[in-house]
1. Would you call TYR26 in contact (Cβ under 8 Å) with a residue 40 or more places away in the chain, of a type outside the set (Lys, Arg) and farther than 29 Å from GLU269 by Cβ?
2. Given the conditions (1) in a loop (DSSP other than H, G, I, E, B); (2) at negative phi; (3) surrounded by fewer than 21 Cβ atoms within 10 Å (Cβ to Cβ), report the number of the one that ALA120 does not fulfil.
3. For VAL159, state whether it is surrounded by fewer than 21 Cβ atoms within 10 Å (Cβ to Cβ) and either over 22 Å from SER101 (Cα atoms) or touching a helix residue (DSSP H, G or I) at 6+ places or on another chain (Cβ under 6 Å) (or both).
4. Residues ALA240, ALA322, ALA246: which one is within 19 Å of CYS180 (Cβ to Cβ), part of a loop (DSSP other than H, G, I, E, B) and out of contact with any Lys or Arg (no Cβ under 7 Å at 6 or more places or on another chain)?
5. Which numbered condition in (1) closer than 30 Å to ILE403 by Cβ; (2) buried (at least 17 other Cβ atoms within 10 Å of the Cβ); (3) not charged (D, E, K, R) is the only one that THR256 fails?
6. Hey, does the stretch 323-340 have a residue that's without any contact (Cβ under 8 Å) to a residue 24 or more places away in the chain, over 23 Å from the mean Cα position of the chain (by Cα) and under 30 Å from GLY361 (Cα atoms)?
7. Can you name every residue in the stretch 123-141 that is touching a strand residue (DSSP E or B) at 6+ places or on another chain (Cβ under 7 Å) and outside any strand (DSSP E or B)?
8. Being among the acidic types (Asp, Glu) and assigned to a helix (DSSP H, G or I): is that true of GLU311 here?
Amino acid sequence: MATLKHPQVRGPAGRWLRNRVEAEAYVASVCFKHGPPKLHGVELEWTVHHEDDPRRPLDASRLAAALGSYAPRTLVKDSPELPLPSGSPLTVEPGGQVEISSLPSSSLAELFEVVTADQAFLAELLREAGLVLGDRGLDQHRSPARVLDTPRYAAMEHVFEAIGPHGITMMCCSAGLQVCLDVGEPHTVADRWAAVCALGPVLVAAFANSPTLAGRPTGWASARMRAVLGTDPPRSMPSAIVDDPAADWARRVLDTPVLCVRGDGERWETPVGLTFADWVAGGLARPPTTDDLDYHISTMFPPVRPHGYFEVRYLDAQPGSAWVVPTTLLAALMSDQPTVEAVLEACLPVGDRWLPAARDGLADQAIATAAATVLSLGATKVPGMGLSSDLTTAIVADLDQLIVRSSR
């Protein structure tokens, strides 16, 4: 369930797309793949800092030397790009954030074991070079600065800069916890989609961890989520909770402007205002292919992104091993249809309160009330998630603390 990665040079590939109907059908088929919900995955991001002075800018060559043969080719062009020892791919984000993307697993216990081992290995690899992993969802110490110079990231910065300051913050200062969940059977997809989306404001508030940027308080509980939502609304705003999410997402993808058109040069074309639907209708010299459409989808980052599975992107990075708590909670809350229905009942009334959740966290009373309900529900489901007794007890204890906070 690793995120779709981004090759840096590409010619036309895949089959040609002839019309909008064909393109929308393709999006729906690849983004909503049905089947029994069995698999889980996580993607963990961290900002990276000098251990002796976390305010010092991060240098690409220093990071490359620290990562060695595990460095991705976006950082070192001829790197062997080895996966981490337990199998997780490693990537680097525009500001030098490092990211572990797990392979999908049918066992939460196995997933946690593998990712925890790779997290410890990565932390030690960096420590030997005098670098440390951050523990917040936003860089507490430095202003945004791009470390990676790739055509994709240059195009992103160019497009987002015209909109406002949030894009460069999102690109270079943010670190998230992404949880990946199966779409589910056809008759349950609409409810699972609605539940995972409606949970967003509640879990943003409960696990908000990014009040500071570059040494200054922002006034937001999750300034990371504020930056994401403000980056480029057609790309980053929450998706609608609707009865046919596949069709709605397909329309949204086609109506979103193309961020860039890949080529062989160091700078890619960024056609202003051209939607993918415009491209299909003849807006560029050559028609798009399914490969172009896959790439276009990868440039969209709403709080929940359908990617053949549901990629939950709304959680701030958590300190140390604390990422296992919201990951287990989400898996538990989506584990069966009655629980999904209970989540919907609790969360739909606040499912649109994204900005209040990001700004006020659990100080928003309506969100706090919903949070107390779903945290309690999740705590009752955690013992059935197949984890060790000690880990189960620790997770339930953490959820109980959050329940107390949300009930004040």
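The values are calculated or read from the model by the stated rules, or taken from the named source; none is laboratory data. None of the values given here were measured: they were computed from a predicted structure. Cβ atoms come from the backbone with ideal geometry, glycine included; neighbour counts cover every protein chain shown.
1. The answer is no for TYR26.
2. Here ALA120 clears every test but (1).
3. Details: surrounded by fewer than 21 Cβ atoms within 10 Å (Cβ to Cβ): yes; either over 22 Å from SER101 (Cα atoms) or touching a helix residue (DSSP H, G or I) at 6+ places or on another chain (Cβ under 6 Å) (or both): yes.
Taking the combined requirement at face value, the residue satisfies it.
4. On inspection, the qualifying residue turns out to be ALA322.
5. (1) is the only condition that THR256 fails.
6. Pass one, the stretch 323-340, residues without any contact (Cβ under 8 Å) to a residue 24 or more places away in the chain: 336, 338.
From the residues that got through so far, the ones that are over 23 Å from the mean Cα position of the chain (by Cα) too are 336, 338.
Remaining after also requiring under 30 Å from GLY361 (Cα atoms): 336, 338.
Yes, the conditions are met somewhere in the stretch 323-340.
7. Of the residues in the stretch 123-141, the ones touching a strand residue (DSSP E or B) at 6+ places or on another chain (Cβ under 7 Å) are 123, 126, 130-134, 136-141.
Scanning the stretch 123-141 gives ALA123, LEU126, GLY130, GLY134, ARG136, GLY137, ASP139, GLN140, HIS141.
8. Numbers: among the acidic types (Asp, Glu): yes; assigned to a helix (DSSP H, G or I): no.
Taking the combined requirement at face value, the residue does not satisfy it.
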